[in-house]
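Chemist: Sending over a structure as structure tokens; questions will come in a sec.
The values are calculated or read from the model by the stated rules, or taken from the named source; none is laboratory data. What you are looking at is a predicted structure, and each value in this text was computed from that prediction instead of being measured. As a convention, Cβ positions derive from the backbone with ideal geometry for all residues, glycine included, and neighbour counts pool all protein chains shown. SASA here: full protein model, heavy atoms, side chains in, ligands and nucleic acids out. Shrake-Rupley method; radii C 1.70, N 1.55, O 1.52, S 1.80 Å.
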Amino acid sequence: MKVVQFLPSLEPGITATLALEFANELVKKGHESLVISTGGPLEARFRLHGSDFISFPKISESIWSLRHKSRLRKILARLQPDIVHTYGRSTAFLAWRALKSESATSRPKLVPLVDQDFPDSYFNKGMLSGDGIIASSRGIAENLKKSSPKIAEDSIEVIYHGINIREFDREKPVASQWQLKLLNSYPQLEGKNWWFMPGEISASGGQEEFLHLLARAAAQSDDIHGVIVGALAEDDLRYLKKLEGLAQDLDLGGKVTFLGERRDMRELYATSQLVFQLASEKDGNAKHSKEALAMGRPVVAYSEGCTGEVLQKHFPEGLVEKGDLKSLMEASLNLVSKPNNLNPQEFSYAASAGKTIDFFQSLLN
């Protein structure tokens, strides 16, 4: 099977990393992997693991991307792939328009990956017009069906994003040098039970709910300390100041620490007592929850979105209804120091890639 992955760029991030890991699994299983993209720092890693790279101009998220339609059609005609797998609205739209006039019996199968909800518009039609569609959660699959009732039930496959279980290995000990360095920088963490809140810091990120929960918990036990990690959405320093002010109003001085964006997530998961996911917007990949579960940490999360779906299957005791602070508190206290015994292989890139390959082959058959 010859598979083309078409994505906007190869800049490090969730999208390009998913494409890279999938390309590696394709090659391992004896398939031919090709990548069409404007390029980026990960290009060399695609080539290193056996994928062919085809450079393509940068495309915008608008109908102006159609000026590249003929170029893409010629490239696909030359490559003759079995599958064209797209990432994002712009690539799905352009690939759909490039293949639209081709005979259904001779053109490759078009399979968009959809990992977020989107409004109904002509530009978004590419994500609804594939021969098959991969949705990153059941909720997204349901919204796709609502957006386009004509989509056949069996043309949508729900495949959750994988994570790097080699990186998030619960068996690997945390280096004492790491602990010493962190505690030297943040001595307030020493001797505390960390309640860990990873994720983008924004008005919909759930940090405000976490602070209210923390205030209740800290009133009952003085050894609980909140740790908030994540980048600021749109560098909104005003919102960070608002959160810091809320922490003071809730009498959380010295009981919560904002660490900013970090690269040592494995160690932070491993040394945390509980991990929280309380975003008010539906998430499309549940990345932090899967990483925490792979590390053996109990996760407390709202029951909606992709995180809710993952916990419903693997750790239902961590689920609470959004906005129910009492239930959130009860679940948190019940799960203190309760590790899970899940097999992290279920969250691996290899497991996700295997399901994707099976879906591709079912479309070809």
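Chemist: Per DSSP helix of 4 or more residues, -39500 (n - 2.57); summed, then divided by the residues of the chain. What does that give at 222 nm, rounded to the nearest 500?
Modeler: That calculation yields -11500 deg cm²/dmol at 222 nm.
Chemist: Right, another one. Please calculate the 1.4 Å probe accessible area of Lys338, with all protein chains present, and give it to the nearest 10 Å².
Modeler: Only protein atoms counted, so the area is about 90 Å².
Chemist: So if we plug the beta-carbon distance of Glu167 and Asn365 into 1/(1 + (r/R0)^6) with R0 = 41 Å, what FRET efficiency do we get, rounded to 0.05?
Modeler: 0.70
Chemist: Most mobile of Leu76, Leu180, Leu18 per a Gaussian network model of the chain (Cα springs, under 10 Å)?
Modeler: Leu180
Chemist: Sticking with this one: Under a 5 Å amide H to amide H cut-off, with H placed in plane at 1.01 Å, what residues pair with Thr257 once short-range neighbours are removed?
Modeler: Placed amide hydrogens put Gly226, Val227, Ile228 under 5 Å from Thr257.
Chemist: Something else about it: When the chain is modelled as a GNM with alpha-carbon springs shorter than 10 Å, which of Ser121, Ser348, Ser202 fluctuates the most?
Modeler: Per the Cα network of the chain with a 10 Å cutoff, Ser121 tops the list.
Chemist: Okay, moving on. For the chain, modelled as a Gaussian network with Cα springs under 10 Å, which listed residue fluctuates most, Arg166, Arg263, Arg97?
Modeler: Ranking Arg166, Arg263, Arg97 by mean-square fluctuation puts Arg263 first.
Chemist: In region 122-229, which chymotrypsin sites (Phe, Trp or Tyr not before Pro) fall in coil by DSSP and have 11 or fewer other Cβ atoms within 10 Å?
Modeler: Tyr122
Chemist: Find how much the distance from Ser55 to Arg67 grows on full extension, using 0.36 nm per residue of separation minus their present alpha carbon separation; answer in nm with one decimal.
Modeler: Full-extension gain reported as 2.7 nm.
Chemist: Top to bottom by accessible area (1.4 Å), largest first, where do Ser106, Ser9 land?
Modeler: Ranked from most to least accessible, the order is Ser106, Ser9.
Chemist: State the answer as a single residue: which of Val111, Gly318, Ser202 lies farthest towards the positive end of the charge dipole of the chain, with beta carbon charges of +1 for Lys and Arg and -1 for Asp and Glu, about the Cα centre.
Modeler: Val111
Chemist: Set the bar at 23 Å for Cα to Cα. Now go through Lys69/Lys125; Lys29/Lys145; Lys290/Lys326 and name every pair that lies beyond it.
Modeler: Long pairs (Cα-Cα over 23 Å): Lys29/Lys145; Lys290/Lys326.
Chemist: I've got another one for you. What is the diffusion coefficient of the chain in µm²/s, taking the Kirkwood radius over Cα pairs and the Stokes-Einstein relation at 25 °C with a viscosity of 0.890 mPa s?
Modeler: In µm²/s, the coefficient rounds to 112.
Chemist: Take Met1 and Val27, extend 7 Å from each Cα along the Cα→Cβ direction, and tell me the distance between the two endpoints in nm.
Modeler: Placing both labels 7 Å beyond Cα along the Cβ direction yields 1.8 nm.
Chemist: Residues with amide H under 5 Å of Gln5's amide H, sequence separation 5 or more or different chain, H placed in the peptide plane at 1.01 Å from N; which?
Modeler: Leu34, Val35, Ile36, His85
Chemist: Between Lys125 and Glu244, what is 0.36 nm times their sequence separation minus the Cα-Cα distance? Round to one decimal in nm.
Modeler: Net length gain for the segment: 38.6 nm.
Chemist: Explain nothing, just the number: dipole magnitude of the chain about its Cα centre with +1 on each Lys and Arg Cβ and -1 on each Asp and Glu Cβ, in debye rounded to the nearest 20.
Modeler: 1500
Chemist: Once fully extended, how much extra length lies between Asn334 and Lys74, figured as 0.36 nm per residue of separation less the alpha-carbon to alpha-carbon distance?
Modeler: Separation in residues times 0.36 nm, less the Cα-Cα distance, equals 87.7 nm.
Chemist: Round to a whole number: what % of the accessible area of region 1-155 belongs to carbon and sulfur, probe 1.4 Å?
Modeler: 49
Chemist: Mind running the shape call on region 182-301? Use the C-alpha gyration tensor, a ≥ b ≥ c as the square roots of the eigenvalues: rounded below 1.5 for a/c, prolate if a/b tops b/c, oblate otherwise.
Modeler: Judged from the Cα gyration tensor, region 182-301 comes out rounded (a/c under 1.5).
Chemist: Name the shape class, rounded, prolate or oblate, that the alpha-carbon gyration tensor gives for region 23-100, where a ≥ b ≥ c are the square roots of its eigenvalues, rounded holds for a/c under 1.5, and otherwise prolate holds if a/b is larger than b/c and oblate otherwise.
Modeler: prolate
Chemist: Right, something else. List the pair-distance distribution P(r) of region 221-356, using every Cα-Cα distance, as the percent of pairs falling in each 10 Å bin from 0 up to the bin containing the longest distance, rounded to whole percents.
Modeler: 11, 38, 39, 11, 2
Chemist: Rg over Rh of region 140-182, using C-alpha atoms and the Kirkwood radius, what does it come to?
Modeler: With Rh from the inverse mean 1/r over Cα pairs, Rg/Rh is 1.43.
Chemist: Using a/c under 1.5 as the rounded threshold, could you call region 1-63 rounded, prolate or oblate? The axes a ≥ b ≥ c are square roots of the C-alpha gyration tensor eigenvalues, and prolate needs a/b larger than b/c, oblate otherwise.
Modeler: prolate
Chemist: Mean 1/r over all different Cα pairs, inverted: what Kirkwood radius does region 272-337 give, in Å?
Modeler: Roughly 11.5 Å, rounded to one decimal.
Chemist: Out of Leu243, Ala218, Gly132, whose Cα points farthest toward the positive end of the dipole of the chain (charges: +1 Lys, Arg; -1 Asp, Glu; placed on Cβ)?
Modeler: About the Cα centre, the residue reaching furthest to the positive side is Gly132.
Chemist: If you don't mind, another one. Whenever you get a sec, line up Val229, Val336 from highest to lowest accessible area (probe 1.4 Å, protein heavy atoms).
Modeler: Val336, Val229
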